[in-house]
Amino acid sequence: MIGLQRSPSRTRHARVVLACVLALAASCVLLAARTSGASSPLESSPSIGTSSAAKLTRLQGNTRLTPPRSRRFVGVNAAAESGAEGAARPAAEMEPNNAPLPSGLQQRQSGTPPELARPRTPILDMVRSPENLKNLNMQQLKQLAKELRQDVIHTVSKTGGHLGSSMGVVELTTALHYVFSSPEDRIIWDVGHQCYPHKILTGRRDRMDTLRQEKGLSGFTLRSESEHDPFGAGHSSTSISAGVGMAVGRDMMGRKNHVVSVIGDGAITAGMAYEAMNHAGFLDRNQIIILNDNKQVSLPTQYNGGNQAPVGALSSALSRLQANQPLRELREIAKGLSKELPGPLPEVSARIDEYARGILAGGPSSLFEELGLYYIGPVDGHNLDDLVTILNEVKNTQTAGPVMIHVVTEKGKGYAPAETASDKMHGVVKFDVATGKQNKKAGATDSYTNYFADSLVAEAEADPKVVGIHAAMGGGTGLNRFAKRFPDRCFDVGIAEQHAVTFAAGLACEGVKPMCAIYSSFLQRAYDQVVHDVALQKLPVRFAIDRAGPVGADGATHAGSYDLSYLGCIPNMVLMAPSNEAELINMVATSLDYEEGPSAFRFPRGNGIGVDLEKEGIVGRKGQPLPIGKAKLRRSGSDVALVGIGASVNECLMAADILDKEFGVSATVVDARFCKPIDTEMMEQLAKEHPALLTVEENSIGGFGAQVTHHLCHQGLLDGKTKLRPLILPDTFIEHATRESQLDQAGLSAKHIVSTVLGVLERQKQKADVDNDIAKASAKRESDAIETNRAKEEIRRIIRQRDPQEKALIVDFGNDVPCE
């Protein structure tokens, strides 16, 4: 059966004996060398990262080019030693012409505001597609990398987005597009937040100012955006599985292209990555996996400015391997010794070398090799000479099978504010390039995330059994605030949502009160664990579900569109959604107070609406438990009942005001609070007392509206004149835009609620007027976006025609400042 890995048995005794043989042989060679006065390989071995040309012999002495089990990676050795066709070009052949290269940053012209100055990028300006890189020599390629890094900084400073991760892969991205031929060769970026340099080099530079904006570029890779994005991303740990599928599909279709998966040391902590590597090792198809190791593991790990160590045993193993200079030196000695051995002994020596690596490194090399991957590394991910040489060798080897190249990078590389920031400026809003200071606007209220975190801290102060769990998202979930107060009661499990949920279930078995804080879209990855390990056993695990509903610039990949549906259908689950910050704080208290089974509450991205917490009886952000399954009447009326859940309650209240003031319609507004169990008594009363009933939720079909409809149907309350209209997210993915625009696209804004009410009440003319207003507003929004992009295109065209010295005068598109 396909899927089972071949794993030859090896005894500990055999490993130790063979390692001793290798050590003894190495000692003999070293002694002989010193006795004869010859220089030792230990004294002459250069290190990865030097500025000299990347000769393959040097690379073999400083990286680990090692096959799993008995497979021989003949390409690197044979091509290098015999000069066979396909070996990497010597560095001497890539020397530039005598013409001097321009400096990295252009001086600002007199009178140009500092914030409008753009780095001078003469080489990057000539790049319209990856094919243009093939014409560059090595010095020009290095200059291109410098310009690319400057361009990323400038762009993200105007748009916001993921900066640190993109800065860390500039040289790697440059090398990949220099060596491989995209789109024929598939380059798959895991997660996708490091793809900005890739987008710039693949013909999208002119649109980078539209990043994460409506009708603009996605912040992640997107198949519909470019043929150079072979696989869409946004979530973690998918690249290797997709690459395995593409490699098999390529072979079935008789093609010869290359498949490259780039995965970070954070993403590789997820179980899916290991499942994919195990399968790749068994299938033994040609595939390249690049492990981008920036020593972060979590995204990011250093949450509190306290220099927190990266999460997980894999991080320490990678670090040990990076620092294992004695291992590399010993391999050089053994390599020299093996050439002098007769008959089959060189093969025995290679096997001894394999065993010794597992003993001495004690890290991921032996793990990756046991999975069937040919391991190369660690390699300096900022050394273009080394990267180009190794990628060329792997590319030109036809019998390699799956290859793992371990590349060591620095997140935020080349930008001092990012290098020194505790989070490496992982995700940023607009910022000042000179200082790195972000333009974060202080809101009138705190974020929902912080209200949640602070209320959890308040509950933990009173109850020592309360703990927090997150999956490498301490900053995003707010649990960094909890960890500052209770470092021993906050658990970062890495990018491993499945483990997080079952880990929480285990804690609940022991009487602990776990609060599992996971984004709505990420909790989808742990659905089986929620059902099987938590709900089936009625374990009181609490789920704090952030980013519910539309999430603005992060788009469809991060939208929390389904949680009321996929959790509401699970037996034993209590499911809540707050309409404001006070309700959120009380729901934190409710979930911790509820011990009869699992509970969950979802809340949106953004800030609270400004509720007076003291008037709501909340002191110190510590809430009071709510009665399970009880809704709250927010406004009384007679013509129509609007039942909202979560943030939709506030749209219902605005709609009720419009209906009353402009159309004389009296609306009741109810805050459902609970999606499960619903307040059956309240729902029945509303259906009996109102001719029309609307449910409103920022969730797909099958959520709160389905719960209400199901109950009322079975009570026979929809058999008469009562009209029911559920308003939900449409059956489509809504791409990145502002949250307000996304609500309009979904038909869930206050005006859309008003239109639906007027239609149900058969006020067709008034409904038509409202619909016309909505259509005009939507058309204007879309027209504005198109005109803005058209104006930007015209500005770019003018700039491209100007003297190169004037290219610094590009506008800050984020503020729509016109060009001089």
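The values are calculated or read from the model by the stated rules, or taken from the named source; none is laboratory data. The shown structure was predicted, so the numbers you read here are calculated from the model rather than taken from an experiment. We place every Cβ from the backbone using ideal geometry, glycine too, and count neighbours over all the protein chains shown. Just so you know, the surface numbers come from the protein's heavy atoms only, side chains and all, with ligands and any DNA or RNA stripped out. Shrake-Rupley method; radii C 1.70, N 1.55, O 1.52, S 1.80 Å.
In the stretch 431-468, which residue that is charged (D, E, K, R) and in contact with a strand residue (DSSP E or B) (Cβ under 7 Å, 6 or more places away or on another chain) is modelled with the lowest pLDDT?
The initial filter retains those residues of the stretch 431-468 that are charged (D, E, K, R), namely 432, 437, 440-441, 446, 454, 459, 461, 463, 465.
Those left that are additionally in contact with a strand residue (DSSP E or B) (Cβ under 7 Å, 6 or more places away or on another chain): 437, 446, 459, 463, 465.
Working: 437: 89, 446: 93, 459: 98, 463: 97, 465: 98.
Checking each candidate, the answer is 437.
Of the listed requirements (1) touching a Lys or Arg at 6+ places or on another chain (Cβ under 8 Å); (2) open to solvent by 20 Å² or more (accessible area, probe 1.4 Å); (3) modelled with pLDDT of 95 or more, residue 595 misses just one: (1).
Looking across 617, 560, 629, one residue alone is modelled with pLDDT under 95 and either at positive phi or open to solvent by 60 Å² or more (accessible area, probe 1.4 Å) (or both). It is 617. Residue 602 meets all of the listed conditions (1) open to solvent by 10 Å² or more (accessible area, probe 1.4 Å); (2) out of contact with any strand residue (DSSP E or B) (no Cβ under 8 Å at 6 or more places or on another chain); (3) closer than 28 Å to residue 539 by Cα but one, namely (2). Taking the stretch 670-729 only, how many residues are among the polar types (S, T, N, Q) and more than 11 Å from residue 641 (Cβ to Cβ)? Going through the stretch 670-729 one residue at a time, the tally reaches 6. Among residues of the stretch 755-780 that are within 19 Å of residue 744 (Cα to Cα) and surrounded by fewer than 19 Cβ atoms within 10 Å (Cβ to Cβ), those with a beta-carbon under 9 Å from a residue that is of a type in the set (Lys, Arg) and modelled with pLDDT under 90 at least six positions away or on a different chain give the pairs 759/767. Residues in the stretch 563-585 that are part of a helix (DSSP H, G or I) and either open to solvent by 10 Å² or more (accessible area, probe 1.4 Å) or in contact with an Asp or Glu (Cβ under 9 Å, 6 or more places away or on another chain) (or both): 7 in all.
Taking the stretch 477-512 as the range and being touching a strand residue (DSSP E or B) at 6+ places or on another chain (Cβ under 9 Å), within 18 Å of residue 601 (Cβ to Cβ) and among the charged types (D, E, K, R) as the test, only 497 passes. Among the residues of the stretch 415-428, which ones are loosely packed, with under 15 Cβ neighbours inside 10 Å and among the β-branched types (Val, Ile, Thr)? Within the stretch 415-428, 420 is the sole residue that qualifies. Scanning the stretch 479-490 for residues that are free of Cβ contacts under 8 Å to residues at least 24 places away in the same chain and open to solvent by 40 Å² or more (accessible area, probe 1.4 Å) gives 487, 488.
Is one or more of the residues making up the stretch 675-688 touching an Asp or Glu at 6+ places or on another chain (Cβ under 6 Å) and crowded, with 18+ Cβ neighbours inside 10 Å? No, every residue in the stretch 675-688 fails to be touching an Asp or Glu at 6+ places or on another chain (Cβ under 6 Å) and crowded, with 18+ Cβ neighbours inside 10 Å. For the stretch 440-454, indicate whether the set of residues that are closer than 24 Å to residue 154 by Cα, open to solvent by less than 10 Å² (accessible area, probe 1.4 Å) and part of a loop (DSSP other than H, G, I, E, B) is non-empty. So far as the stretch 440-454 goes, no, none of its residues is closer than 24 Å to residue 154 by Cα, open to solvent by less than 10 Å² (accessible area, probe 1.4 Å) and part of a loop (DSSP other than H, G, I, E, B). The set of residues in the stretch 247-279 being of a type in the set (A, V, I, L, M, F, W, C), part of a loop (DSSP other than H, G, I, E, B) and surrounded by fewer than 18 Cβ atoms within 10 Å (Cβ to Cβ) consists of 253 alone. What number of residues in the stretch 635-674 are among the small types (Gly, Ala, Ser) and open to solvent by less than 10 Å² (accessible area, probe 1.4 Å)? Within the stretch 635-674, residues that are among the small types (Gly, Ala, Ser) and open to solvent by less than 10 Å² (accessible area, probe 1.4 Å) number 8. Whenever a residue of the stretch 367-387 is in contact (Cβ under 8 Å) with a residue 24 or more places away in the chain and polar (S, T, N, Q), its partners that are open to solvent by 10 Å² or more (accessible area, probe 1.4 Å) and in a helix (DSSP H, G or I), lying with C-beta atoms within less than 9 angstrom and at least six residues away or across chains, give the pairs 383/171. Which of the residues belonging to the stretch 194-222 are in a loop (DSSP other than H, G, I, E, B) and open to solvent by 20 Å² or more (accessible area, probe 1.4 Å)? Those that are in a loop (DSSP other than H, G, I, E, B) and open to solvent by 20 Å² or more (accessible area, probe 1.4 Å): 212, 213, 214, 215, 222. Condition first: touching a residue at least 60 places away in the same chain (Cβ under 8 Å), open to solvent by less than 10 Å² (accessible area, probe 1.4 Å) and not in a loop (DSSP other than H, G, I, E, B). Now tell me which residues in the stretch 461-478 satisfy that. Result: 466, 474, 477.
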